[in-house]
Amino acid sequence: MIVIIQTLLATIIGSLLVGIGVNGFLVPHHLIDGGILGIALILHYFYEFQTGITMVALSLPICIFSAMHQRGYFFTNIQGLLASSFFIDLLAPLRNQFLISQFASALIGGAIIGTGVGLMLRYNTSTGGTDLLAKIISRVTPINLALAIIILDGLIILAGFAVLEVDNFLYSCMAICTVGLVTALIEGN
């Protein structure tokens, strides 16, 4: 019972941190994170799609894949996906609250998101997208979790290079490196 409560608290707190990091620091400067969230942010910037709902739609195939390979993760990750998507959309009003430089936004936003994701992964839950895929990769290969996140997120950032301005691209790279390193520190593997 204690483990269930800890996982639920990690899911709520981690999702809240992800929502704050995305809305307070990445979105105001049109920065992207990697993974599914990065794709959802690109779609938000160009088509004004709601980021959280888009994240759910894009993450469901990965959640189904994870259910086939790591059955125990499926339900906690669906909860993490829904909670983080909810907080991302709920906290959209934060987008104009922290008016700081792109550099500071990339570092602070990356650290806040990394803390949220790391906390969730520590309790075997996640935002459902590529964080979950990175966790599976780090468990079945010798690749460190931070490196797996940076590689997967880097692929999304490279895809975003075609649609981002150069400075947004570089600060987005800084943000995903920060997310990956902080995630690994918090997660503990």
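Rule-based calculations on the coordinates, nothing more; no lab input. Just so we're clear, the structure is a prediction, and the values are computed from it rather than from any experiment. Reconstructed Cβ throughout: ideal geometry from the backbone, glycine too, with neighbour counts over all protein chains shown.
Of the peptides 5-17, 87-99, 145-157, 113-125, the order by per-residue mean of other Cβ atoms within 10 Å, starting with the highest, comes out as 113-125, 145-157, 5-17, 87-99.
Helical runs assigned H by DSSP (4 residues or longer) give the chain a calculated mean residue ellipticity at 222 nm of -25000 deg cm²/dmol, each run adding -39500 (n - 2.57) before division by the residue total. Computing Rg and Dmax of the Cα atoms in Å directly from the structure and comparing it against (1) 20.0, 74; (2) 14.8, 49; (3) 15.9, 44 singles out (2).
Listed from fewest to most Cβ neighbours within 10 Å, the set S101, S66 follows the order S101, S66.
Other residues with beta-carbon under 15 Å from the beta-carbon of Q6 carry, at +1 per Lys or Arg and -1 per Asp or Glu, a net charge of 0. For the chain, averaging the sequence separation of C-alpha pairs within contact (under 8 Å, six or more residues apart) and dividing by the residue count gives a relative contact order of 33 percent.
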